[in-house]
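Below is one structure, written out as structure tokens; comments come after it.
The values are calculated or read from the model by the stated rules, or taken from the named source; none is laboratory data. No experiment lies behind these values; they were computed from the predicted model shown. A quick note on method: Cβ atoms are made from the backbone with ideal geometry, for glycine too, and the neighbour counts reach across all protein chains shown. When the accessible area is computed, the model is the full protein with side chains, heavy atoms only, and any ligands, DNA or RNA have been set aside. Shrake-Rupley method; radii C 1.70, N 1.55, O 1.52, S 1.80 Å.
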Amino acid sequence: MNMRSKGELGSEEKIMQQNPIHNKIRSFTLVLGGGGARGLAHIGILKALERIGLVPSLIVGTSMGAVVGGMYSQLRSADAVEKKFREFLEGFFYKRIGLEQFSDTDTTSSRSVWERFATHLRQQYFMSKSALGNGKFAQTTLIQSLNLLLEDGDISDLSLRFAAVTSDIATGEEYVLTSGSIITAVAASSAIPGVVAPLEIGSRHFVDGKVTSTVPVPAARSLSKDPIIAVDVRQSLGSYENHRHGYEIVIRAGEITTNKLDDIHLKHANIVLKPDVENISWNEFHNIDQCIHAGEQSVEENLQRLKDRFVGSKLQIALRRFF
């Protein structure tokens, strides 16, 4: 599978050509977490890491982290990923989906999250059909979207190692996909339970990797012994409100469990970057500029830690001109 034309330099090769002491950089794994539109911050992370000569040897992603990670593993340039994503968001297909109409940013409303979600389902035919039906319509839409963002091919053919993390809905096990169709793998990592039908691969049925790990640090540890930079774009748990219905308590309890599990996973990363995207809703892709800037800012705020961990002293002196 040819992801770049012959003789074309990717970002890593360009960095090495421009800076002969690039080999002083220690290899690392980049873990990109899920979070819908907030995951656009991953593009900013990659752009800022490129500027200081840090290119991962492996990218492991869940959900939106798998989308951005898969794109970067193919294009090998954060600018190229940004350009392609912007073209997608400006295109007819994305506008036809109508995700922006599902906004749940009305945090001052007395309506519960569940009530707002129910309203969103009623607003668009395909979402209601997915949530109340078998989700095949939304699955088709997801795959069609990924076909506009990714070039299909086998993950194992990529020159930059990549893994998409997903969850087996039957067994509850986490699966790490490192071979096979990249579009199928990323779709399996992004299939929102109850909305998108599970992706069938062989005899297994997979749903969003966030079910088992929002920021898949354990999966990364299973694939490489290199140090890990993890990017966390989750929203905080938030304050407790006086919920009026039992199902709201059930949802809140599930959120607490997921949040605690994710915190445990993140303790096993060497460096955790948390872009300031707290106020961005899962579907607000129009905030791409804010998300990318937040990712870049997160790297800049942790610049010394990153250099101390991954960059040799001579290269640190050379990199001072960037910041």
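Determine one quarter of the surface area of the Cα convex hull of region 160-264, which equals its mean projected area, and express it in nm² to one decimal.
Convex hull of Cα atoms, orientation-averaged projection: 8.2 nm².
Give the relative contact order (percent, whole number) for region 226-276; include only Cα pairs under 8 Å separated by 6+ residues.
Details: 32 pairs, mean separation 37.3, N = 51.
Here the relative contact order equals 73 percent.
Which FRET efficiency value, to the nearest 0.05, do you get for Ala253 and Ser179 by plugging their Cβ-Cβ distance into 1/(1 + (r/R0)^6) with R0 = 41 Å? Display every interim value, and only then the final one.
Working: r = 37 Å, r/R0 = 0.90.
Efficiency at R0 = 41 Å is approximately 0.65.
Quick one: order Arg221, Arg26 from most to least accessible surface, probe 1.4 Å. Can you show the working numbers first?
On the way: Arg221 90, Arg26 115 Å².
Final ranking, largest accessible area leading: Arg26, Arg221.
Would you calculate the separation in nanometres between label points at Phe88 and Gln144, each defined as 7 Å from the Cα along the Cα-to-beta-carbon direction?
1.5
Calculate one ³J(HN,Hα) per residue across region 57-67 by plugging θ = phi - 60° into the Karplus curve 6.51 cos²θ - 1.76 cosθ + 1.60, and present them in order as whole Hz with x for glycine and proline.
With coefficients 6.51, -1.76 and 1.60, one gets 8, 8, 10, 10, x, 10, 6, 4, x, 6, 4 Hz.
Name the residue from Ala170, Leu237, Ala219 whose Cα lies farthest towards the positive end of the charge dipole of region 168-252, charges +1 on Cβ of Lys and Arg and -1 on Cβ of Asp and Glu.
Checked the options; the winner is Leu237.
Past 20 Å, Cα to Cα, is the threshold; run Lys47/Lys83; Lys47/Lys274; Lys84/Lys274 against it and keep the listed order.
Numbers: Lys47/Lys83 12 Å; Lys47/Lys274 15 Å; Lys84/Lys274 24 Å.
Beyond 20 Å between Cα atoms: Lys84/Lys274.
Would you rank Arg305, Arg234, Arg86 by solvent-accessible area, highest first, keeping every protein chain in place and using a 1.4 Å probe?
On the way: Arg305 110, Arg234 35, Arg86 65 Å².
From most exposed to least exposed: Arg305, Arg86, Arg234.
Could you sort 36-45, 195-204, 266-275 so that the peptide with the highest average Cβ count within 10 Å comes first and the rest follow in order?
36-45, 266-275, 195-204
To the nearest 10 square angstrom, what accessible area does Glu301 show with a 1.4 Å probe?
My reading of the accessible area for Glu301 is about 130 Å².
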